[in-house]
1. Based on the inverse mean of 1/r over its pairs of different Cα atoms, what is the Kirkwood hydrodynamic radius of region B:130-170, in Å?
2. Go ahead and set up a Gaussian network model of chain C, Cα springs under 10 Å, then flag whichever of C:Val371, C:Val320, C:Val124 fluctuates most.
3. For the pair C:Tyr324/B:His334, report the inter-label distance in nm, with labels modelled 7 Å from Cα in the Cβ direction.
4. Please report B:Asp410, C:Asp195, C:Asp89, C:Asp280 as a ranked list, fewest other C-beta atoms within 10 angstrom at the top and most at the bottom.
5. From the alpha carbon gyration tensor of region B:242-382, can you work out the equivalent ellipsoid semi-axes (sqrt of 5 times each eigenvalue) and give them in Å, largest to smallest?
6. Pop a pseudo-label 7 angstrom from the Cα along the beta-carbon direction at both B:Met60 and B:Ser36 and give the gap in nm to one decimal.
7. Hey, what's the Cα Rg ratio for chain B versus the globular rule of thumb, 2.2 N^0.38 Å?
8. Taking chain C as the reference, fit the longest principal axis to its C-alpha atoms, fit the long axis of helix C:192-214 to the helix C-alpha atoms, and give the angle between the two in degrees, 0 to 90, nearest 10.
Amino acid sequence: MTDITTLHYLVVAAALFILGVIGVLTRRNVVIVLMSIELILNAVNLNLVAFSRMWGNLHGQMFAIFIVVDAAAEAAAGLGILIAFFRNKETVNVDEIDLLKW
Amino acid sequence: MLTSFMSYLGSTMTPGQAGNQLWALIYVLIIFAGVSVAVICMNWIERKALAHFQIRLGPMRVGPHGLMQPFADALKLMLKEDIIPAEADQFVFWVAPLIGLLAAFTVYTVIPFGPSQAVSDMNIGILFMLGVSSLGVLGIVVAGWASNSHYPLMGALRSSAQMVSYEVAMGLAVVSAVLLTSLHGIGIYGVTGNGDTGTLSMIGIVQAQQEQHVWFIFKFFPLGLIAFVIFAIAMVAEVNRAPFDLAEAESELTAGFHTEYSGLRWSLFMLAEYAAMIAVSSIAVTLWLGGWVRPFPNLLQGTAWDFIFSLFPGLTFLGLAGVALLGTVRMPSHSFFKIQKIGLGVFGMLLGSLALLLLVIAIAGRSADMSLAARFNEGIGYVYWFVLKVAVFMYLFIWYRATWPRYRFDQLMSVGWKVLLPISLGVLMLTAVVGVLVK
Amino acid sequence: MSSPVNDKTLPNAVSNLDLEAPDKPYLDSNELIINMGPQHPATHGVLRVILKLDGEKVLGTECVIGYLHRGVEKIAENRTYTMFNPYVDRMDYCAAVSNGLGYCEAVEKLMNVEAPARAQYIRVILTELNRIASHQLWLGTHALDIGAMTPLFYTFRDREEILKIFEKYCGARLTTHAFRIGGCQYETYAGFEKDVTNFLTFFAPKIDEYETLLTTNRIWLERTKNVGVISAKDAIALGVTGPVLRASGVKWDIRKALPYANYSKFDFEIPIGTNGDTYDRYLVRMMEMRQSMRIIEQAVGGIPEGPIMGKVPKVIKPPVGEIYHSIEAPKGELGYFIVSDGSTQPYRVRVRPPSFVNLQALDIMVRGALVADVVAVIGTIDIVLGEVDR
Amino acid sequence: MNPAINTAVNAGMTPVATPFFFYMLAGLAVLSGLAVITRRNAVHSALALIVTLLSVAGLYLMLYAPFVAGVQIIVYAGGIMVLFLFVIMLVNIDRTLKERSFNHMWPIGLVASCLLLAMFMGAFSKGRALFVDRMIPLPEGSNTQMIADKLYGQAGRMGEYTFAFEIASLLLLVAILGAVIMTKKKI
């Protein structure tokens, strides 16, 4: 086997990113959509950490940490919205979140 | 392979640091076996001690004084039918106990039983421990959900809410201990070392205590003590033990998250619970009670004191052997007790010979040179003091269980959020302020 | 809150739950319906409580009883008065002596005979001992429900001493059948008084021991204070009696109010609570144990000489008529309504069991509380399913 | 950063079987990522996501970023995923289990994603020169300390990211308040 280069990590990250995008675009369940967003964020993080290693400085890792913080905030707020929504409409399907379409 | 086996023998680093996979594997196996034995012992001791708290005898039938009871139980649990409810989520139901078990055992890779008696010394040791031990709750949550039944589901929800609320206070208490490591830079990593960097490494934390000549529990009295108490409370909640055993409250939720489990799978939950208990106690010991450091390392210095303290392991086992042999003598002289008497005698003899071995090592290794015996002796000392401190916590777990009623869910939350969290925040700030002032 | 559990097959009984509809659909508008029991560690037997939960909050309860129904009242119609006597022990098996006392006194009242003074004294001693035993059993199991394991074993250790006295007196420990219509089954054994006095000196420090474990225990206080509160008005309206009523501040004790079996001769107090919460009920029962000890102390010192059986015919045939007689059992008012048609068998026996009536208060006590409070309240009501179902 | 120091620090840590672990972790991450978006049952998705997160944490460790790995485990796997599981159990999934799990637009979404993937792959193959084929070893042993320097600064000076750190804490505060207000039944 060859050595693992930055590109290897980038490919993995790209795959995760695409999976996340597919999840966001196609799934109906909001919870899974939120989880797909986590996938996307993770892909970004992986890229950042790989670049951090490539350039030999810590900025990538710092960004990764901030993105984790952001993901925590996003999950809390997103799930809060989801619960508030579920309480009113009794559904977790994205398709049925269409009040603004009137 | 032999070379890698031999090359480590003279090393003063952990196998992980030395990059020696063979010895890392050996340590992992030793720790796995050791923890399993500890869980077995804990099982017996808990039943016996709890029984004596409650004026009962506890297990008495299987082996002398029920010594073989844990093995009998294990055998029974293994032979029991493994029931998976028809409506349960088969795969998740199957995998849930393993999550808890894996989380509980993974933690042990960074627990320092001595300066080199750990699988690896991670730079993020304490972070890793907290993170991985908090994964254990996933097993509980998922088990409760997969059982497809109301009581387990409620147990799972309780457990997750409980974990989330206690993790915060626990983390802040840990941070205030980590803060203390930065006071006199220990500089073992030396890279950024301008003297005021702390460390997250478990070994580094103990070394910081060694270097500052104080266990962190007594540092900035009473700040260290308060942080320790917060951690000691939060860790009980973290491992779901009484009085925080809401997730498996048997009088409310029958058995909580493991209501539907039986046989081997149930015993895996128990194994994980006890392993997690030992793991969190190890964190407490490492952070506040000086880890492997023997008591009064600075007050009672010198080779003579070293020698005296190195006798402790042997003397402990000698004491245990004495108790066992006393039990043999006190056993009624009826033919019914003959086998039990012989068994207890043999057990006592085993303990006694172990004690003699330890004493011989202690005497042989008293010289300060780096002979194998001396190094061995040193290692035994480290592990002994570490295990002894952990054992105190294990006893406390039993004591709590015998003494206190169970908290109610909302009270548990209010204790976590309204009492422990503000106090731990305050302690953290005060520790920082005092630390800056001292500097 | 939901689970993959199929909620469609609800028990029929739930439809009777009269729950105020939430003003709007909540997150957990699909409430969780939980069957607590009949096989559950904290329902003291085979009580089945259907809980309607919003998360952990109790929206309503419904008790389903009858799993231990043995038709005691119907059996009575096919047994002679004497033959039925042992059956009453099987109702509240934790306080068998009290049950027997109530039944015997009711029949005696119907027949217009009275037990001799010596028998009365023995009855009082045994009944009060049994009250202590019943309260001990309550305390142990109640504490266990709340999660304190240890008191159970302490109370059972001390209850054993009482059961030993029973065993020595009548040969049985639990279902004693100690009394007969018109007096007592047996004369006291030699050393009975000494045993009882010994028990009193033995037991006095033990109550303190229980109290050290619980009374000021922080978690115990948190778990019991303001839990399962029932006001005096509600308690009276629901017909609640016994310690549950007294903890709400109503000074109603049949031993004082409608004295029977010589109780008027003894000096004792009725402990009452103020808040009507679980903690007050706990305190009231603890104080009652002490008061029972006081009664026993007075009684055992003054057992008069004389016969133990009154003048009752060999075949008991009460005159035509009906009678209601109630006593203060450990759990509350235990009443017997007996209709006699003049034959050797009662025409109808109706028992007013305290547990059954007190159980009605469960719903009012736990509404809005949490699941953990339900077990605490079931424990504090002190029910015995043998008595609830009969 | 002085490479000499780095090599000295990492001297004892010779990575073992790097390609093996990389392919294992990467495969695990991608496969479980696939499971996240395909499983009908949200709890299964969440479990798969946990596996992904843990494998990504392993990849971070391989990239000599132990602190990020630790944060990943403690915040993501320990915190966020418990929250996710909690919410999944809270909301009713009985109904969603029986319904379609993909929306009407799924072919379009799939095509768009494939296009995105193609774009990525194109960028990777064309821009090979852009990604320097090198790995500068960062000192693993003092990773945490160095990140702390960046976050908090040292010797009284503000760190590079101190301000961002404060902003992040504000963001978290806002998120907490938002979540509390959102989920409270009566305010």
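1. For region B:130-170, inverting the mean 1/r across all distinct Cα pairs yields 10.3 Å.
2. Fluctuation is largest for C:Val320.
3. The two pseudo-label positions are separated by 5.6 nm.
4. Sorted ascending by nearby Cβ count, the order is B:Asp410, C:Asp195, C:Asp89, C:Asp280.
5. 37, 28, 13
6. 3.2
7. Computed over Cα atoms of chain B, the ratio equals 1.03.
8. The two axes meet at around 20 degrees.
Each reported figure results from applying straightforward, stated rules to the coordinates on display, with no laboratory input. If you're wondering where the values come from, they're calculated on a predicted model, not measured in any experiment. With ideal geometry, Cβ positions are generated from the backbone for all residues, glycine too; neighbour counts draw on all protein chains shown.
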